[in-house]
Each structure stands twice: as structure tokens, then as C-alpha cells.
Amino acid sequence: MRIITIDNQKLILISLEKKLSEIGYKVKTARTAEEGIELINSFKPDLVTVDINMPEMSAIDVLKYIKESSIETKVIVMSGKTDEDIILELFEYGIDDYIRKPATLSEVVARVNKQIGMCTISDNFKTENSTSIIKEKCIGVVIPCYNEEDRLLSEEFSDFVRKNLGYHLCFVNDGSSDNTLEILNTLSIGKESHISVLNCTKNRGKAEAVRQGVLYLTNTSGLDLDYIGFLDADLSTSLKDFDDLVETLNTHSYRIISGSRIERIGADITKQSTRQFISIMVNYAIQRILGMKFKDTQCGAKVMHKDVVPILFNDQFITRWLFDVEMFIRLKRHYGEKTKTMIYEQPLKRWIHADGSKLSMKDSLKIGGQLLRIATHYNK
């Protein structure tokens, strides 16, 4: 049995092609409706899966073509759209099924199997893929690493990309002098579509490591991501909490969601007392510089729409650690007072200070000078 899957999200296509091929289907993929129609003519599929939100031509254009050409093939639409009028219109055009993203791989395979039959789905396959979710959006996450060999939780990262199809993790080795690079390369083996390693031979600080990772995901990876974010390698903010930030971005009109380590009932937030005192003082200074009442600009978990990336990351930052402040200043210089409606601080359910932080107390004491440098530089 032959299947064509049409989706402009490369990460989703890779996952669908891999899993459907594993159980015996012959699969071809297309990233535009035009490519999909060409494949329909040459490949003669038994089933076509297509997303609604395609560039230039939509899923309905594909359905019209199939109907007008009297092509005999089943059609399943996969999309995050929940508007009933749109879904009813699709069924009027003759689709055979509708799958709402996010959806598990097991559900997708079961629905495909129901439409065209043939493949036997093993219990092992069902178990392995029952928790693998096809996300509605594709997300790139930059994870800067400097001498992380003793703190890198490789298994947690591997498990996350297996269960969350639509994520791509970009680890940036920031000139580590230990075995971090070797560990990262091992972590990516067999998962190159979902994990990449960018090696910077010289240590240039977290700001530049994050910037290089973001630019790689935006300009070089070819993944065409919807959102891009960054996260600390020690997972002081959990991957689950990061995914919650993505969900907020996906369901609201904000352009940036920033994690916030606000202590509150029901949240597991632990900080060293000395760092907590310093952070209070620093945050007061940051609020004065930004002119915005941020609670926690320095949390290492943030995610944003790809359209604001050039504004924030095209130019090098002038500090090694306070680039978050620079990001928000750059956004405010571009959008003015509108910036306040574009950023949302989301309290984290969990944040744990991890031993081995690369920001020493000596560095912390230099923060005042760095903030003064930021204020002077961006007020020119």
C-alpha cells in the first residue's frame, strides 16, 4: 500500500515517513501542496495525508484536485485546527478522516490502517509509540554546554525527542575542555533529525553560544521551525515545563514566553540564598533599565516566534551573561511600548538550582558593571 504525506513541517514528515515505513507502507513525502499533487499523479497513492495550513496552496486545493481528477485515493487531514465549520467543510469535500494535532503516533497509524488496511501493528509498536506525540508546531531548542560531562542528562533528552515529535534540540558545545563534545556526539547518533551538535572550538560565553545556536536553527538547519527557544543543559527548568511555555505561545498572541522562577504555593523552586539576594538587587536594576516590570529576566528558559529572531539575535551581544536583558531592550527599541504586550512571564512549576553553575560569585559581583554597560550602549 502506498501513502503520500503532505506537510510543510519537515520534522513531522520525517517522523511519519519513518514510522509508516517501519510497518510496511511505501511512503513518499511533500512539503508543499504543489509537490504533493505531482506525487499523486506519479506515485498513485492509496492514501494521502495532508495538513490544512500549507503555503500558497491549501489542503482544500489538494482535495479539489483529487475530486476533479477522479483519483481514487483515501484522504486524511491532519491539523491543529479545531474550528468545526472548517472540519465540516473538509468532510463535504470528501475527506475520509480528520486527525487533530497533537496526536499520538499510535493513533495516526491505527487510523491509516483502518482506511487502507494491510499492515499488522504489533503490541510492541503500540507500546513504544502510544506516548509519542506529533506536535502541532515545530520547535527548535538551543542548549548551550560548557564542561557539562558530569551534569548532562542524556537519557532525559533522548526520551523527550522520542516522545515529542516536532522538537529539534541543538546542543552548542561552547569550547568545553572536558568530554562534553564526545558525549553530545554520542547522544545524537541515530537521532540526527531531532538532535544536532554545533561545536564552537573557543569558549565565548553563554550569550554567544545561544546566539550561534539560534542562527543555526534559523538559517542553516533547513528545518523551517515555527518557534525557537533555549534551555539550560542542567535541566534546572524541566523539559515538561519548557513544553508548557510552548503551549502558552501556541494558544496566545504573545511573541515571547519567558519562564519565571517566582516562588509560590504548589511550585518547587529552590535557590541558593546568596544568589536569591543578588537576583533581587539585579532585577530591580533591570526593571529600571528596561522600563518594564519583569519579575525574572534571567531564567534560562525562553521560547519565541521565529519572526522576532532577527531582531534579537542578528547582532552580537555586548555581555556574556546578561543577553536576556539585551534581547528585551532590542525588542523594545524595535516595537516601542507595544513590547509590553508581546512578552509573557510564565511561572515555572519547578526550578532547581544545580551544583556546578558556570556563573561564579565573582561573575555575579561584576553584574552591576555589565548592567551599566548595557544601559550606556543601548541609550546611545
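The values are calculated or read from the model by the stated rules, or taken from the named source; none is laboratory data. Quick caveat: nothing in here was measured; it's all calculated off a predicted structure. Positions of Cβ are generated from backbone atoms using ideal geometry, with glycine treated the same way; all protein chains shown enter the neighbour counts.
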Some residue of region 26-33 being out of contact with any strand residue (DSSP E or B) (no Cβ under 8 Å at 6 or more places or on another chain), β-branched (Val, Ile, Thr) and surrounded by fewer than 22 Cβ atoms within 10 Å (Cβ to Cβ): no
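Would you mind stating whether residue 179 is surrounded by fewer than 17 Cβ atoms within 10 Å (Cβ to Cβ), farther than 27 Å from residue 222 by Cα, outside the structural domain of residue 23 (by TED's automatic domain parsing) and at pLDDT 95 or above? Working first, answer last.
Values: surrounded by fewer than 17 Cβ atoms within 10 Å (Cβ to Cβ): yes; farther than 27 Å from residue 222 by Cα: yes; outside the structural domain of residue 23 (by TED's automatic domain parsing): yes; at pLDDT 95 or above: yes.
It is true that residue 179 is surrounded by fewer than 17 Cβ atoms within 10 Å (Cβ to Cβ), farther than 27 Å from residue 222 by Cα, outside the structural domain of residue 23 (by TED's automatic domain parsing) and at pLDDT 95 or above.
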Residue under evaluation residue 329, criteria (1) in contact with a Phe, Trp or Tyr (Cβ under 6 Å, 6 or more places away or on another chain); (2) at pLDDT below 85, criterion not met: (2)
Meets criteria (in contact (Cβ under 8 Å) with a residue 40 or more places away in the chain, under 21 Å from residue 166 (Cβ atoms) and among the charged types (D, E, K, R)) for residue 51: yes
Failed item in (1) at pLDDT 95 or above; (2) farther than 21 Å from residue 19 by Cα; (3) small (Gly, Ala, Ser), with residue 188 passing the rest: (2)
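For region 301-325, which residues satisfy the criterion of being under 25 Å from residue 368 (Cβ atoms) and buried (at least 20 other Cβ atoms within 10 Å of the Cβ)? Let's see the steps before the verdict.
Within region 301-325, the first condition is being under 25 Å from residue 368 (Cβ atoms), and the residues that meet it are 301-302, 312, 315-325.
Listed by number, the residues that qualify are 301, 302, 312, 317, 319, 322, 323, 324, 325.
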Residues satisfying the stated conditions in region 213-227, i.e. under 11 Å from residue 170 (Cα atoms) and surrounded by 20 or more Cβ atoms within 10 Å (Cβ to Cβ): 213, 214, 217
Among the residues listed as 320, 330, 350, the single one being over 26 Å from residue 147 (Cβ atoms) and either assigned by TED's automatic domain parsing to the domain that holds residue 208 or charged (D, E, K, R) (or both): 330
Residues (of a type outside the set (Lys, Arg) and in contact with a Gly (Cβ under 6 Å, 6 or more places away or on another chain)) located in region 202-244: 203, 217, 225, 228, 232, 237
Yes/no for residue 166 being outside any helix (DSSP H, G or I) and either in contact with a Pro (Cβ under 9 Å, 6 or more places away or on another chain) or in contact (Cβ under 8 Å) with a residue 24 or more places away in the chain (or both): yes
Selection status of residue 116, over 24 Å from residue 236 (Cα atoms), touching a helix residue (DSSP H, G or I) at 6+ places or on another chain (Cβ under 9 Å), at pLDDT below 95 and of a type outside the set (Asp, Glu): no
Failed condition for residue 15, given (1) under 22 Å from residue 224 (Cβ atoms); (2) outside any helix (DSSP H, G or I); (3) among the small types (Gly, Ala, Ser): (2)
